[in-house]
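Novice: After the structure tokens below, expect a handful of questions from me.
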């Protein structure tokens, strides 16, 4: 259970192109999803929190007009990198957390997709 | 600066031995901590978690220990196997019921020697 699917897994495109990445929770519903960015041999950095039916919350320093987030349903969030440039090349990873509370009193953990490797030429 | 960090970037252990991966955090308001395993080219995989009102939780071959006094978190893996080779991240959830995203530590690369 708790499978998160991310698509595409890899994108190579020219500078100036806009790229859309999809994040789906396959077997659970998620009011909240998260988008992270990871550079080679580095840790994950939270970019934004995606909320179903409302605007995303962006972390400090993340341009909301550059990274458009849409969370139109309880199982799908999308991240669009607009007018991508080489400095946007990175590994983008989404996560989702099940809405259903756990029975043991702990938080529902975030489950991650397998990431999208974006390369801008 | 970062509120979660790791003591060692690489840890090498013999197959079958136990391993301990350490993590220090600085945000005393954090109330939930998670360990993730990340294999090359993949997303992080949930291993085990713990709340701030606990000091120990056990799973299958894994144990997480939390010492709030010194803000220290550790992951113990028993009887390591080749498949345990990966980068391990600790992560903390900012206090607030789990609605916020996670702050990740730098990661420890665990290498299992045959």
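Quick note: the coordinates plus some simple rules give every number you see, no bench work behind them. Since the model is a prediction, treat every value here as computed from it, not as a measurement. In this analysis, Cβ positions are derived from the backbone assuming ideal geometry, glycine residues included, and neighbour counts consider all displayed protein chains.
Novice: Principal axis lengths of segment A:1-118 from Cα atoms, whole Å, largest first?
Specialist: The Cα atoms of segment A:1-118 stretch 47, 30, 25 Å along the principal axes, largest first.
Novice: Starting from the Cα of residue A:99, move 7 Å in the Cα-to-Cβ direction to define the label point; list residues of segment A:24-39 whose amide nitrogen is under 16 Å from there.
Specialist: Inside the label zone: A:24-34.
Novice: Which residues in segment A:81-108 have a backbone N closer than 11 Å to a point placed 7 Å from the Cα of residue A:18 along the Cα-to-Cβ line?
Specialist: It comes to A:81-84, nothing else.
Novice: For each of A:42, B:71, count neighbouring Cβ atoms within 10 Å of the residue's Cβ, then give the residues from fewest to most. Intermediate results must be reported in sequence, preceding the final value.
Specialist: Numbers: A:42 13, B:71 17.
Ascending number of Cβ neighbours within 10 Å: A:42, B:71.
Novice: Continuing with the same structure: Just to confirm my numbers, what's the Cα centroid distance between segment B:39-102 and segment A:1-70 in Å?
Specialist: Comparing the Cα centres of segment B:39-102 and segment A:1-70, I get a distance of 23 Å.
Novice: Given a Förster radius of 41 Å and the C-beta distance between residue B:14 and residue B:69 as r, what FRET efficiency does 1/(1 + (r/R0)^6) yield to the nearest 0.05? If you can, show how the numbers build up before the last one.
Specialist: Working: r = 32 Å, r/R0 = 0.78.
Efficiency, from the Cβ-Cβ distance: 0.80.
Novice: Mind telling me which of A:51, A:99, A:70 comes out most flexible in a GNM of chain A, alpha-carbon contacts under 10 Å?
Specialist: Between A:51, A:99, A:70, it is A:99 that shows the largest mean-square fluctuation.
Novice: So how do B:111, B:77 line up by other beta-carbon neighbours within 10 Å, fewest first? Provide the component values of the computation, followed by the final result.
Specialist: Working: B:111 13, B:77 22.
Least to most surrounded, the residues fall as B:111, B:77.
Novice: Which order do A:85, A:111 fall in if you start with the one that has the fewest other Cβ atoms within 10 Å?
Specialist: Numbers: A:85 12, A:111 24.
The most exposed by this proxy come first: A:85, A:111.
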